[in-house]
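Take a look at the structure below.
A short reminder: the numbers here are calculations on the coordinates, not readings from a lab. If you're wondering where the values come from, they're calculated on a predicted model, not measured in any experiment.
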Amino acid sequence: MENQTFKIANGGGKLYPFGGVWPEIADNCFIAPGARIIGNVKIGTGSSIWFNVVIRGDVGSVIIGESSNIQDGSVIHVSSGGINTQIGDDVLIGHMAMVHGTTIEDGGFVGFNAATMDNSRICARGMLAAGSLLSPGKTIGEAELWMGRPAKYVREMSPKMLENNVFGSNGYAKLAQKYLSEYLSLKK
């Protein structure tokens with residue numbers, strides 16, 4: 001379904017233009033009902049955007065890689081100071097998270113109700129624990145666990161924790177494809 005103000009994405013979420021720029025979404029992404037994706041946003045193959053997520057690429061760009069998932073109620077935005085948001089492949093972003101002007105490398109994890117601020121970075125397989133706040137300009141190193149408000153280094157991620165994150169990412173990818181398949185079959 002299409003009209004002059006929005007498009008319906010695969011899954012039922014809505015895409016809106018901003019400044020004449022429409023989001024670019026890979027065909028096999030699941031964009032859940034209630035999700036809103038605005039402006040200069042690119043989402044790669046197999047990624048999923050869950051219920052009531054808002055992604056705003058209005059004053060900069062948001063790029064999300066392949067097989068990443070943004071879980072229910074999260075907000076992804078950019079900084080008006082020119083800091084874009086880049087999310088790599090196989091990234092898990094938990095329910096109700098806030099990601100603002102941040103780079104999250106492949107396999108990164110943002111826990112439930114956690115927040116990242118302008119110019120922060122989560123390196124490959126790094127994890128920001130649930131409820132934590134990553135302050136502006138801070139960097140979580142590769143495979144490090146940080147927690148607290150403000151977040152501080154806690155320890156290196158154990159092999160089991162890293163394995164669980166991969167399991168979680170793969171699980172969301174499979175679940176998203178089930179949702180997408182069901183959505184597409186109902187459209188016929």
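At 0.36 nm per residue, minus the direct Cα-Cα distance, what do W22 and K7 gain on full extension? Give it in nm, one decimal, please.
Contour length minus Cα-Cα distance gives 4.5 nm.
Note on the stretch 112-160: Cα-only Rg and Dmax are 9.7, 30 Å. The alpha carbon convex hull volume per residue for the chain rounds to 85 Å³. Restricting attention to the chain, the count of lysine pairs at 8 or more positions apart or across chains with alpha carbons under 17 Å apart stands at 7. Taking the longest Cα principal axis of the chain as reference, the axis of helix 159-187 is set at about 10 degrees. Measuring spread by the Cα atoms of the stretch 58-169 yields a radius of gyration and Dmax of 12.4, 39 Å. Close amide-amide hydrogen proximity is noted between I122 and T103, I104, E105, I140, each under 5 Å apart and 5 or more residues distant or on a separate chain (H modeled in the peptide plane; Pro and chain starts excluded). Taking a ≥ b ≥ c as the square roots of the eigenvalues of the Cα gyration tensor, the stretch 23-70 is classed as oblate, since a/c reaches at least 1.5 and a/b does not exceed b/c.
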